[in-house]
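The structure under discussion appears below in the form of structure tokens.
Nothing in this text is a laboratory measurement; each read-out follows from the coordinates by a stated rule. These figures come from a predicted structure and were not determined experimentally. Heads up, the Cβs are rebuilt from the backbone with ideal geometry, glycines too, and the neighbour counts pull from every protein chain shown.
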């Protein structure tokens, strides 16, 4: 029996996942800032085949589709984190994951959608991937994206 994966890159391979190219900023801002051992990302949108996943949870998208979108955005977050930290193994601890879900006014399942991101972060980063979290519903997001993620980490 092969040994259990121990590094973030080994865990990604075991999950049969690859990190995408770093997402380009959509306007005049930096994708991340590093200061005094903290790394703060800008918002990251979910992309599939280079296109932003659009829609509104509770209207045009199901919770399962929202979870998948959260996982796609998380892969972009991990690519950003890897670039900013100089490798995923240099992440000491995730601190805060903010999840903004574009949804219908009566939609209240934001935590389920956010779990798509939270679970993947722990699956890839192990104990360093545990984090506090905010998951909120919003009326609109840039380019009609269905969700946006933002992360703060200690490196």
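I'd like the orientation of helix 63-85 relative to the chain: the angle between its Cα long axis and the longest Cα principal axis, in ° from 0 to 90, rounded to 10.
Result, in degrees: 40.
What list do you get for 154, 51, 11 if you sort them by fewest beta carbons within 10 Å? Don't skip to the end; give the middle numbers.
Details: 154 14, 51 9, 11 19.
The most exposed by this proxy come first: 51, 154, 11.
So how much slack lies between residue 10 and residue 29, counting 0.36 nm per residue of separation and subtracting their Cα-Cα distance, in nm?
Between residue 10 and residue 29, full extension yields 3.7 nm more.
Quick one: 92, 56, 133, fewest Cβ neighbours within 10 Å first, how do they rank?
So the residues, fewest neighbours to most, are 92, 133, 56.
Return the calculated 222 nm mean residue ellipticity for the chain, to the nearest 500 deg cm²/dmol, obtained by summing -39500 (n - 2.57) across DSSP H runs with n ≥ 4 and dividing by the residue count.
The helix-only estimate for the chain comes to -10000 deg cm²/dmol at 222 nm.
With a point put 7 Å past each Cα toward its Cβ, work out how far residue 138 is from residue 40 in nm, to one decimal.
1.6
Between helix 110-125 and the chain, what is the angle of the helix's C-alpha long axis to the longest principal axis, kept within 0 to 90° and rounded to the nearest 10?
10
Quick one: check the C-alpha center-to-center distance for segment 129-155 versus segment 110-127, whole angstrom.
Using only Cα atoms to place each centre, the spacing works out to 12 Å.
Assign one of three labels to segment 1-47, namely rounded, prolate or oblate, based on the Cα gyration tensor with a ≥ b ≥ c the square roots of its eigenvalues; rounded applies when a/c is under 1.5, prolate when it is not and a/b is larger than b/c, and oblate otherwise. It would help to have the intermediate numbers written out before the result.
Values: a/c = 4.73, a/b = 1.86, b/c = 2.54.
Cα axes put segment 1-47 in the oblate bin.
For residue 90, put the label point 7 Å out on the Cα→Cβ axis and report which residues of segment 29-51 keep their amide N under 20 Å from it.
Under 20 Å, as judged by backbone N against the label point of residue 90, lie 30-42 of segment 29-51.
State the label only: which of (i) 27, 17, 13; (ii) 25, 18, 14; (iii) 30, 19, 16 corresponds to semi-axes √(5λ) of the Cα gyration tensor in Å computed from the shown model?
(ii)
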